[in-house]
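The values are calculated or read from the model by the stated rules, or taken from the named source; none is laboratory data. Small disclaimer: the values here were computed from a predicted structure and weren't measured. Here the Cβ is made from the backbone with ideal geometry for all residues, glycine too, and neighbour counts use every protein chain on show.
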């Protein structure tokens with residue numbers, strides 16, 4: 001994955017991804033998944049929080065997409081980085097690009113409404129991040145049980161399993 005220098009905003013304070021990604025010596029098993037990756041920028045369209053602890057260089061979805069393919073992953077999970085707080089716009093744009101079959105972990109506020117949370121699902125969101133080390137906005141460990149209880153009380157239609165001919169709980173996100 002290659003990073004591009006930020007065109008606007010603050011200069012990077014951390015290095016970007018390794019541009020020399022190569023296939024590992026051991027072949028990954030079928031269905032292997034890169035389970036924690038970030039994309040950033042461009043900063044002029046996706047500005048970082050004013051109090052962000054570090055500033056990464058732009059690392060765009062089109063640059064990231066080649067890396068999992070090179071190492072043998074067919075799936076990847078993009079995790080919302082702390083530099084954006086609860087603004088999931090950059091990640092949603094990456095998902096909507098269609099460049100790679102990403103799933104996503106978002107950062108949300110405890111007060112997120114059902115409609116806003118459900119709107120993240122079509123963008124590939126299947127989980128939420130609790131970042132106990134960051135001082136940026138987002139769900140805290142103390143708030144998570146309350147949000148989980150609210151979600152359990154809400155009735156949700158059962159997931160449909162392809163080819164089953166009917167609704168059935170699968171135990172995992174579609």
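Checking residue 50 against (1) in a loop (DSSP other than H, G, I, E, B); (2) closer than 21 Å to residue 141 by Cα; (3) modelled with pLDDT of 90 or more, which single condition isn't satisfied?
(2)
State whether the residues of the stretch 30-37 include one that is touching a helix residue (DSSP H, G or I) at 6+ places or on another chain (Cβ under 7 Å) and surrounded by 14 or more Cβ atoms within 10 Å (Cβ to Cβ).
yes
Give the residues of the stretch 92-119 that are under 13 Å from the mean Cα position of the chain (by Cα) and either under 17 Å from residue 67 (Cα atoms) or at pLDDT 90 or above (or both), sorted by residue number.
94, 95, 100, 101, 102, 103, 104, 105, 106, 107, 108
Given the conditions (1) surrounded by 14 or more Cβ atoms within 10 Å (Cβ to Cβ); (2) in contact with a helix residue (DSSP H, G or I) (Cβ under 7 Å, 6 or more places away or on another chain); (3) free of Cβ contacts under 8 Å to residues at least 40 places away in the same chain; (4) not in a helix (DSSP H, G or I), and given that residue 92 satisfies all but one, which numbered condition is not satisfied?
Failed condition: (4).
From the residues in the stretch 58-89 that are at pLDDT below 90 and part of a loop (DSSP other than H, G, I, E, B), which one is farthest from residue 106 (Cα to Cα)?
Ranking the candidates gives 74 first.
Got a sec? Which of 41, 124 is buried (at least 19 other Cβ atoms within 10 Å of the Cβ), touching a residue at least 24 places away in the same chain (Cβ under 8 Å) and closer than 25 Å to residue 152 by Cα?
The conditions single out 124.
I'd like the full set of residues that are surrounded by fewer than 20 Cβ atoms within 10 Å (Cβ to Cβ), in contact with a strand residue (DSSP E or B) (Cβ under 9 Å, 6 or more places away or on another chain) and outside any strand (DSSP E or B), limited to the stretch 95-111.
Answer for the stretch 95-111, where residues must be surrounded by fewer than 20 Cβ atoms within 10 Å (Cβ to Cβ), in contact with a strand residue (DSSP E or B) (Cβ under 9 Å, 6 or more places away or on another chain) and outside any strand (DSSP E or B): just 101.
Quickly run through the stretch 128-151 and pick out the residues that are closer than 17 Å to residue 38 by Cβ and either loosely packed, with under 13 Cβ neighbours inside 10 Å or free of Cβ contacts under 8 Å to residues at least 24 places away in the same chain (or both).
Once the filter is applied, which keeps residues that are closer than 17 Å to residue 38 by Cβ and either loosely packed, with under 13 Cβ neighbours inside 10 Å or free of Cβ contacts under 8 Å to residues at least 24 places away in the same chain (or both), the stretch 128-151 yields 128, 130, 133.
Return yes or no: is residue 48 buried (at least 17 other Cβ atoms within 10 Å of the Cβ) and in contact with a strand residue (DSSP E or B) (Cβ under 7 Å, 6 or more places away or on another chain)?
no
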